[in-house]
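The values are calculated or read from the model by the stated rules, or taken from the named source; none is laboratory data. Just so it is clear, the model here is predicted, and its values are computed rather than measured. Ideal geometry is used to build each Cβ from the backbone, glycine not excepted, and the neighbour counts take in all protein chains shown. Calculation scope for accessible area: heavy atoms of the full protein, side chains included, ligands and nucleic acids excluded. Shrake-Rupley method; radii C 1.70, N 1.55, O 1.52, S 1.80 Å.
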Amino acid sequence: MGDRLVFLGLFIVFGGTMSVAFSYGVYRSDLALKGWPAVQGPILSCKLAQTTEARRRPPNRGGAPQPALDSDLVKVWAMDVEYRYKVDAVEYHGTRATSCHWVEDLSTNPDPSIRLQALAAELNAGAVTLIHYDPANPADSYIKYEGSPATISLFRTGVVVVVVGLVVAVTGKLVVPRTG
């Protein structure tokens with residue numbers, strides 16, 4: 001019994017470590033976005049809008065026929081923004097308000113959050129602002145840097161899972177089989 005608990009604990013530690021490592025990778029990607037160069041450009045329009053987003057459907061485990069599409073359309077709040085900017089005398093149009101994909105599910109948020117409303121209020125049509133662009137592909141751009149919201153929760157989850165795994169492994173090591 002003890003050896004099985006140690007193995008289970010180490011397996012749990014491995015899963016938690018992978019979660020921490022993945023969150024670090026997302027964090028590094030966010031840092032790369034934060035370092036993109038910026039140019040001035042006008043915001044042409046900005047408003048909050050209800051739209052839909054395709055979300056992957058979990059696999060069908062019941063044996064019923066699987067629909068042709070493997071995703072569902074979910075209603076979300078999103079920022080509908082458009083801006084233009086020039087890099088090396090080439091004009092580009094962008095539609096990405098933030099560095100991370102920020103939408104809010106309408107089923108849990110019937111109204112946009114205060115944070116999303118405040119962010120949209122910062123991006124006034126007609127205002128000139130900094131537009132950050134990818135130096136390797138200037139057509140890829142965003143206006144405002146926002147770290148990925150999943151990074152910290154993924155990191156915390158990984159740390160908790162590692163601690164639980166260590167407790168299970170240590171408990172398994174301390175279990176001494178009874179001899180009767």
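Report yes if residue 129 is β-branched (Val, Ile, Thr), farther than 16 Å from residue 53 by Cα, outside any strand (DSSP E or B) and in contact (Cβ under 8 Å) with a residue 12 or more places away in the chain, otherwise no. Even if it seems obvious, please write down each step before you answer.
Values: β-branched (Val, Ile, Thr): yes; farther than 16 Å from residue 53 by Cα: yes; outside any strand (DSSP E or B): no; in contact (Cβ under 8 Å) with a residue 12 or more places away in the chain: yes.
It is false that residue 129 is β-branched (Val, Ile, Thr), farther than 16 Å from residue 53 by Cα, outside any strand (DSSP E or B) and in contact (Cβ under 8 Å) with a residue 12 or more places away in the chain.
For region 134-156, the tally of residues that are surrounded by 16 or more Cβ atoms within 10 Å (Cβ to Cβ) and farther than 30 Å from residue 84 by Cβ stands at 3. Taking region 75-116 as the range and being open to solvent by 90 Å² or more (accessible area, probe 1.4 Å) and hydroxyl-bearing (Ser, Thr, Tyr) as the test, the residues that pass are 95, 107, 108.
Of the residues in region 58-71, none is basic (Lys, Arg), open to solvent by 70 Å² or more (accessible area, probe 1.4 Å), at pLDDT 95 or above and farther than 17 Å from residue 105 by Cβ.
Between 175, 161, the distinction of being at pLDDT 90 or above, over 30 Å from residue 81 (Cβ atoms) and open to solvent by less than 80 Å² (accessible area, probe 1.4 Å) belongs to 161 only. Could you list, in sequence order, all residues of region 132-155 that are outside any helix (DSSP H, G or I) and more than 13 Å from residue 94 (Cα to Cα)? Of everything in region 132-155, those that are outside any helix (DSSP H, G or I) and more than 13 Å from residue 94 (Cα to Cα) turn out to be 135, 136, 145, 146, 147, 148, 149.
Taking region 1-52 as the range and being in a helix (DSSP H, G or I), over 19 Å from residue 101 (Cβ atoms) and open to solvent by 60 Å² or more (accessible area, probe 1.4 Å) as the test, the residues that pass are 3, 4, 7, 8, 10, 11, 14, 17, 18, 24.
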